Amino acid sequence: MEETNETFCVGIDLGTSRSSISASNGERHVIDSYVGWPVDMVARKVIKKTVLVGREALDNRLMLDLRRPLERGLIKEGAKKDEDAVQEILRHLISLIGLKQKSKNRAKLRAVVGVPAEAFRNSKQRLRSALEGVADSVMLVSEPFAVAYGLEALLHALIIDIGAGTADFCVMQGRYPTEEDQRTLPNAGDSIDEQLLKLMREHHPEAQTSIHMIREWKEKWSFVGEPKKPVVVTVPVKGKATDFDITKEMGEACESILPPVCETMLDLLARVEPEYQENVRNNIILAGGTSLITGLSDAVQKALADLGGGRATVVKDPVFAGSDGGLALARDASSSDWEKLSL
Amino acid sequence: MADVAPNKLRLLKGAVQDNVDLVRGIRTPGLGRRKLLESPPPDPVQRKRIRRLWLWSPLSLVVIAYLLLPSPVVSLRQTAPIKTFEAEIKQTPATAEVKVPETEPQAPASEPHALDRGVIPLAIKKIVIDAGHGGKQPGAISESGVSEKEITLDIALRLRRLLGKTPFEVIMTRQGDQTISLDKRVAFANTNKADLFVSIHVNWTEPREIRPLETYFVGPSDDPVTIKLASMENQESGYSLSEYRRVLEKIYIDTRRDESRSLAKNIQAELYHSLKTINPELDDRGVKMAPFLVLVGTEMPAILVEVSTLSNEEEVQLLTNPDYREKIALALVRGIRSYASNHNGVDRKGS
């Protein structure tokens, strides 16, 4: 709203698995949160770039020192390379929206970045540092809060943002959420991947699988409850392509996140003022990439049955819900607010 | 800002304030941030008192150092029973050791004696969780910038959530990033008539390779390391000199000590057994006695647990993992429940 020719607003959802950006010029992009540097001279000659980001990095991973620098939604601790990788992701996202970063007269960039609800202060400080030289002013907000703001679900709503690294919960009660209103769980997309990989190794030890294959299968065929059709994957066994029915393993792995997610949801609901609990129960909003698991909203509603029922819906655009919310916040903040948050 | 709806504006201001606090390196109770319900903001009289106590605090530390020194200084004290107890304690080799051995130091033989649990049926209903440090008192800070106050609050909030599923009533000395002096924490527990007091801290130890896990209950200590730790943790005293003398005497005559020791043992055992599976380097330092002010002043069984150490970066790595903090909170719950169930068993027997 306070945007001028000299200012440019973006919302960024910096995710463990995928990162998205929504910009005030209408551009929206999502990339895989991977960064890779060529491992040697040969790789550099083949790739012809000093660094690769996103899908390009993933596709060329054998020639790269590949990093997935975000762990549970935040920069991994202790590794300078991971901090550099986060900067590369941020620069890449900014480049995608067409903002000329190196131009002398470029617009001032105001960025709202989503972080896990229970992120530590020092983790946030590191993220702010990583944004130096990328944006001019930065506001960090909890991911589910950004989603709620974007959807204008500001009163009597429970946002559950399930990404790869974390599941973030936030009860919206018409005020800026307190620590009491928010929770972060480590049980999210990555824990499903780990579980599925473990089950594959137990049930089909002969199958040659990797975590990247597992992630692709989950994104295509994940489900909870009754499967709509069998999940059959083709995997090499001693080099020979072989089909495996992994319906049971997929269901079991996906359902592994239900108990902690439902328990946390019920715990937060029980803390809402009694007269508003029903309103919140009927306004549960699922966001984040992992909310795309088939049957997830039904499973959540089933968990609510004991409390008298409720309604859970998946946002229309789970991948961009966080970055769109961030953009809305960035636009609504005044110039004086942004001045306080300059880098 | 005219066309932003008031409800959105309120939320936006909260987000901005939260970030301004982050930029400034402080964490004030911002818009919508949870307030400590049990302790309203101090009025001008209270503020004056706090200022006065601040002035007294360094002097109090000098006094405690003097009073913990051997006999020439002790002889300055007028209260006969204290002298008797100290003399007796000096003869007890166990008190010279940091770790409480199998034959733990017993409460003094002279009056008052520790109360036999069976005499009066007791029930544990209300538990105070005390997240160490907070606000302007960050406590220990790791090299990577993790502060004790953040870790203790996080574990305390987890503990409260987990204990919320039990029949216990749980109250907290702080629920956010507030500066609360030690005397206020003690007063909070006492005025709320709590049955147990659990203070959560994270240590800083030398050499940095060590990874101690230890739980304290009230009592004197001759161990210089323990005394140093107690003086560090007691820095936010808030007690005046006149109050301090009275408080210090309780170290020796307190009849709650056996109960506190029992609670400490349960918590230490659960923590060590739970954490050693993922942290095999953990050093079980057992339960110890120390004159921490929050343990001295409280009138119920009270313990102070140092759940980890911020001087060891591997411990810091573990502490930044929410799973590990949840594990700590779960172990604390088990320790409390284990103590409480033993207690109830005795109660039933006694009644």
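Report the antiparallel proportion of the DSSP beta bridges in the stretch A:88-228 as a percent, rounded to a multiple of 5.
Just about 60 percent of them are antiparallel.
As an exercise, use a Förster radius of 51 Å and the Cβ-Cβ distance of B:A123 and A:E219 to find the FRET efficiency, rounded to the nearest 0.05. Mind showing how you got there, number by number?
Numbers: r = 53 Å, r/R0 = 1.04.
Computed FRET efficiency for B:A123 and A:E219: 0.45.
Per-residue ellipticity at 222 nm for chain A, helices alone: DSSP H runs ≥ 4 residues times -39500 (n - 2.57), over residue total, nearest 500 deg cm²/dmol? Let's see the in-between values first.
On the way: 13 runs with 128 residues, N = 343.
Roughly -11000 deg cm²/dmol at 222 nm, from the helical runs in chain A.
Please compute the modelled spin-label separation between B:N192 and A:E180, points set 7 Å along Cα→Cβ, answer in nm with one decimal.
Here the modelled spin labels are 1.2 nm apart.
Please report how many Lys pairs in the stretch A:189-255 have alpha carbons closer than 20 angstrom, counting only residues at least 8 apart along the chain or sitting on separate chains.
Counting lysine pairs in the stretch A:189-255 gives 12.
Would you mind getting me the FRET efficiency between A:V42 and A:D65? Use the beta-carbon distance for r and R0 = 22 Å, nearest 0.05.
Computed FRET efficiency for A:V42 and A:D65 comes out at 0.95.
What are the extents of the Cα atoms of the stretch A:189-255 along their three principal axes, in Å, largest first?
33, 23, 19 Å, listed from the longest principal axis down.
For chain A, calculate the relative contact order in percent as a whole number, restricting contacts to Cα pairs under 8 Å that are 6 or more residues apart.
Relative contact order comes out at 22 percent.
Two decimals is fine: what is log10 I(q)/I(0) at q = 0.09, 0.12, 0.14, 0.22 Å⁻¹ for the stretch A:181-329, from a Debye sum with one equal scatterer on every Cα and no solvent?
Normalising to I(0) and taking log10 leaves -0.35, -0.58, -0.75, -1.39.
Go through A:284-290, A:244-250 and give me the packing order, highest mean Cβ count within 10 Å leading.
Descending mean neighbour count gives A:284-290, A:244-250.
Along the stretch A:11-25, what does the Karplus equation 6.51 cos²θ - 1.76 cosθ + 1.60 (θ = phi - 60°) give for ³J(HN,Hα), rounded to whole Hz, x for Gly and Pro?
The phi angles translate into x, 10, 10, 8, x, 5, 9, 9, 10, 10, 9, 10, 10, 6, 8 Hz.
By its C-alpha gyration tensor, with a ≥ b ≥ c as the square roots of the eigenvalues, how is chain A shaped: rounded for a/c under 1.5, else prolate for a/b larger than b/c, else oblate?
Numbers: a/c = 2.16, a/b = 1.05, b/c = 2.07.
Cα axes put chain A in the oblate bin.
So how much slack lies between A:T313 and A:R55, counting 0.36 nm per residue of separation and subtracting their Cα-Cα distance, in nm?
Result for the pair: 89.9 nm of gain on full extension.
Ordered by packing density, taken as the mean number of other Cβ atoms within 10 Å over each peptide's residues, highest first, how do A:81-91, A:145-155 rank?
A:145-155, A:81-91
Using R₀ = 41 Å, calculate the FRET efficiency as 1/(1 + (r/R₀)^6) where r is the Cβ-Cβ separation of B:E314 and A:K238; round to 0.05.
Values: r = 40 Å, r/R0 = 0.98.
About 0.55, to the nearest 0.05.
Run the quick spin-label model on A:R106 and A:E278: label points 7 Å from Cα toward the beta carbon, then report their separation in nm to one decimal.
5.4
Need the full-extension length gain, A:E206 to A:D267, defined as separation in residues times 0.36 nm minus the C-alpha distance. One decimal, nm. Before the final figure, lay out the partial values.
On the way: separation 61, 0.36 × 61 = 21.96 nm, distance 4.20 nm.
Computed gain between A:E206 and A:D267 is 17.8 nm.
Could you derive backbone 3J(HN,Hα) for the stretch B:291-297 from the dihedral phi with the Karplus parameters 6.51, -1.76 and 1.60 (θ = phi - 60°), listing whole Hz in sequence and x where the residue is Gly or Pro?
x, 5, 4, 5, 7, 6, x
Taking 7 Å along the Cα-to-C-beta vector as the label spot, tell me the A:D84-A:T294 distance in nanometres, rounded to one decimal.
The two pseudo-label positions are separated by 4.3 nm.
No value in this document is a laboratory result; all are computed from the given coordinates. Everything numeric here is computed off the predicted structure, so don't read it as measured data. Virtual Cβ from ideal backbone geometry, glycine too; neighbours counted across all protein chains shown.
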